[in-house]
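Accompanying notes for the structure given below.
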Amino acid sequence: MSQNLTKLIEVSRHYGKDKTFVIAGGGNTSFKDENHIWIKASGVSLETIDMDGFVCLSRSNLKVVSTKTYSQESSKREAEVKADLAFAIVSEGNNRPSVETSLHEIIDFKYVVHTHPTLVNAVMCSNNGERVCSELFGDQSLFIPYTDPGYILFKKVEHEIKLFTTKFGKAPQIIFLENHGVFVAADNISEIHSLYASIIEKISSKTKFILPADDTKPFSSLIIDKIQELHPGFETFTASGVESPLIHHFAKDYNSFLKANTAFTPDDIVYCKAHYLYLPACSGENEQIESAVISFADFFSKYSYIPKVLVVEGKGVIAVEDSIKAVLNVLEVYMNILKISFLSENFGGPKFMTNAQIEFIDNWEVENYRRKMAKS
Ligand SMILES: [Zn+2]
């Protein structure tokens with residue numbers, strides 16, 4: 001294996017194991033030389049990645065995606081793009097290259113490290129995100145307003161990189177994506193690290209409201225014990241409840257919950273779905289169960305799915321999923337939503353995904369594939 005690929009594995013694991021950069025297996029990395037690009041396979045976790053977790057593609061075959069005209073209809077178009085990506089693969093095995101492969105290809109640096117850092121997303125998922133980026137990073141970075149992921153996002157970023165390069169005479173090494181995360185690019189790893197360090201340092205310097213402690217501890221509730229009785233769909237489900245000072249900040253009343261009641265990023269939807277259920281406090285535990293049964297039924301008739309996240313007023317957060325591993329993922333991602341929401345107050349308050357943006361993700365085959373991989 002070449003030195004460059006060894007370095008790619010190292011940098012992938014470095015950011016992959018750091019929970020402040022990568023939450024629940026998100027993010028992706030790549031290395032390219034003149035003819036080939038090695039990119040993380042979809043559904044593989046950066047934390048433990050080795051060479052088998054990367055897919056190698058021919059760059060000349062990948063260029064087709066930039067120039068070809070695809071179908072107007074989005075599911076058809078995504079299938080056509082997927083087929084062209086598959087055609088460009090030169091490595092063996094059944095791994096599917098990351099959905100962001102074409103995006104990595106057009107970033108004209110050898111290494112690209114894409115992550116979803118909590119602190120960066122506090123800015124990306126805030127009302128003043130774009131302004132804060134331009135104040136802090138000026139012509140050092142490119143800001144992309146939220147765009148549906150996949151081919152449309154790729155074309156948008158391609159266009160913006162061209163404009164940026166013409167304007168500033170250099171390609172951007174930091175690309176911020178609203179309600180998503182950041183791409184950092186360089187020709188060597190030490191520059192990747194120094195760019196990330198400068199991003200974190202600059203955003204930290206503007207952060208006045210500091211997170212309350214988030215070390216969670218379990219809480220007991222009849223709702224957890226009787227979860228299977230609350231809704232017919234819960235038959236095979238398992239639940240776990242936690243509390244912390246951070247959770248109490250959002251669970252103390254309904255208005256506080258409204259600052260964490262829906263998704264900030266496509267990844268939030270992959271793990272937690274887009275809407276969360278608030279259960280108001282009741283005088284006794286039996287009343288709490290009766291009221292929860294009604295709340296579940298209302299939620300189900302409104303969204304046609306069972307909630308994965310329940311926020312119990314004054315108590316804590318309960319995650320519901322079909323395995324312990326999935327429950328832990330839901331908790332990790334929802335805790336991150338709480339952190340982003342809290343920190344976004346430094347930058348004008350939370351900015352959630354819109355209903356139309358949520359709907360696109362819910363119907364997207366790529367994310368359904370990732371959902372499956374995350375569970376397996
Ligand atoms: Zn991403």
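The values are calculated or read from the model by the stated rules, or taken from the named source; none is laboratory data. Everything numeric in this text was worked out from a predicted model, so none of it was measured. With ideal geometry, Cβ positions are generated from the backbone for all residues, glycine too; neighbour counts draw on all protein chains shown. Only protein heavy atoms, including side chains, enter the accessible area calculation; ligands, DNA and RNA are left aside. Shrake-Rupley method; radii C 1.70, N 1.55, O 1.52, S 1.80 Å.
Between helix 151-168 and the chain, what is the angle of the helix's C-alpha long axis to the longest principal axis, kept within 0 to 90° and rounded to the nearest 10?
60
In a Gaussian network model over the chain where Cα atoms closer than 10 Å are linked, find which of 179, 95, 261 has the largest mean-square fluctuation.
Taking springs between Cα atoms under 10 Å, the residue moving most is 95.
Determine the share of the chain's accessible area contributed by carbon and sulfur atoms, expressed in whole percent, with a 1.4 angstrom probe. Mind showing how you got there, number by number?
Values: 8560 of 16550 Å².
Ligands and nucleic acids excluded, carbon and sulfur give 52 percent.
Quick one: of the DSSP bridges fully inside the chain, what percent are antiparallel, nearest 5?
Of all bridge pairs located within the chain, approximately 85 percent are antiparallel.
Per 0.36 nm of contour for each residue apart, how much would the distance between residue 363 and residue 63 grow if the chain were fully extended, relative to their Cα-Cα spacing?
105.3 nm
Can you give the FRET efficiency for residue 226 and residue 48, using 1/(1 + (r/R0)^6), R0 = 45 Å, r = Cβ-Cβ distance, to the nearest 0.05?
0.75
Can you figure out the FRET efficiency of residue 283 with residue 158, using R₀ = 56 Å and their beta-carbon distance, to the nearest 0.05?
Rounded to the nearest 0.05, the efficiency is 0.45.
Based on the alpha carbon coordinates of the chain, what radius of gyration and maximum Cα-Cα distance (Dmax) apply, in Å?
My reading of the Cα-based Rg and Dmax gives 21.2, 68 Å.
Once R0 is set to 35 Å, what does the formula 1/(1 + (r/R0)^6) return for the Cβ-Cβ distance between residue 345 and residue 294, expressed as a FRET efficiency to the nearest 0.05?
Efficiency, from the Cβ-Cβ distance: 0.60.
Order 222, 338 by their accessible area, 1.4 angstrom probe, all chains in place, largest first.
222, 338
Using Cα pairs under 8 angstrom and six or more residues apart, how large is the relative contact order of the stretch 217-375, in percent? Walk me through the numbers on the way to the answer.
Working: 231 pairs, mean separation 45.7, N = 159.
In percent, rounded to a whole number, it is 29.
Give me the log10 of I(q) over I(0) for the stretch 217-375 at q = 0.14 Å⁻¹, as the Debye formula computes it from C-alpha points; what are the numbers?
-0.68
Mind checking the full-extension length gain between residue 190 and residue 332? Use 0.36 nm per residue of separation minus the Cα-Cα distance, one decimal, nm.
Difference between extended and current length: 48.2 nm.
On a 1.4 Å probe surface of the protein chains, which of 147, 354 comes out largest in accessible area, and what is the full order?
I get 354, 147, largest accessible area first.
Just the accessible area per residue of the chain, please: how many Å² with a 1.4 Å probe?
44
Taking Cα atoms of the stretch 196-310, Rg/Rh with Kirkwood Rh, to two decimals?
When Rh is taken as the Kirkwood radius, the ratio is 1.03.
For the chain, what's the relative contact order in percent, using C-alpha pairs closer than 8 Å and at least 6 residues apart?
On the way: 647 pairs, mean separation 63.6, N = 376.
Averaging sequence separation for qualifying contacts and normalising by length gives 17 percent for the chain.
Determine the relative contact order of the stretch 3-205: mean sequence separation of Cα pairs under 8 Å and six or more apart, normalised by residue count, in whole percent. Before the final figure, lay out each step's value.
Details: 324 pairs, mean separation 42.9, N = 203.
Across the stretch 3-205, relative contact order equals 21 percent.
I'm a student and want to see the number: the projected area of the Cα convex hull of the stretch 1-132, averaged over all directions, in nm².
9.4
Grab the Cα-Cα distance for residue 17 and residue 208, subtract it from 0.36 nm times how many residues apart they are, and report the gain in nm with one decimal.
Stretched out fully, the residue 17 to residue 208 stretch lengthens by 66.1 nm.
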